[in-house]
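Enquirer: Before I ask anything, let me first share the structure, which is written out below as structure tokens.
The values are calculated or read from the model by the stated rules, or taken from the named source; none is laboratory data. Because the structure is a prediction, the values reported are computed rather than measured. Here the Cβ is made from the backbone with ideal geometry for all residues, glycine too, and neighbour counts use every protein chain on show. In case anyone asks, the SASA skips ligands and DNA or RNA and just uses the protein heavy atoms, side chains included. Shrake-Rupley method; radii C 1.70, N 1.55, O 1.52, S 1.80 Å.
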Amino acid sequence: MTIQTSRAASPGDERRTQAEALLARYPELSQSEIDDLRRWFGKEATALETAILAGDERLGGAYQQFRKDHLDRLSALEKGIATVIGVLLIAGLAALAIML
């Protein structure tokens, strides 16, 4: 007697397959395809899915380059917040130095 198990493809599997196909073509992607990949990595992909793509020998280089180009950068808002925090820290330290 043979027990056969099957696993239906989930919507997440389909999205990961789409992401793999896009990464395989990177950097030759349209802006909308880049935005789609950024959205998938930022909001949809699980840590396991990201690890699977990062560990895939065919996609590893493209994944690393995409990550460097589009995911690891600070947004303008994040840069602004960092600047404000830096200025406040410097001002606080200067005020403290004047008081001593």
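Enquirer: Roll a 1.4 Å probe over the protein chains and send me the accessible area per residue for the chain in Å².
Expert: 77 Å²
Enquirer: Helix 76-99 against the longest principal axis of the chain: what's the angle in degrees, Cα atoms only, rounded to the nearest 10?
Expert: 30 degrees
Enquirer: Only one of the values [x] 21.5, 85; [y] 13.6, 44; [z] 12.4, 39 was calculated from this structure for Rg and Dmax of the Cα atoms in Å; name its label.
Expert: Matching the structure shown: [x].
Enquirer: Answer with one residue from 59, 76, 92: the one whose Cα lies farthest towards the positive end of the charge dipole of region 54-100, charges on Cβ with Lys, Arg +1 and Asp, Glu -1.
Expert: Result: 92.
Enquirer: Which percent of the accessible heavy-atom area of the chain goes to carbon and sulfur, probe 1.4 angstrom?
Expert: 60 percent
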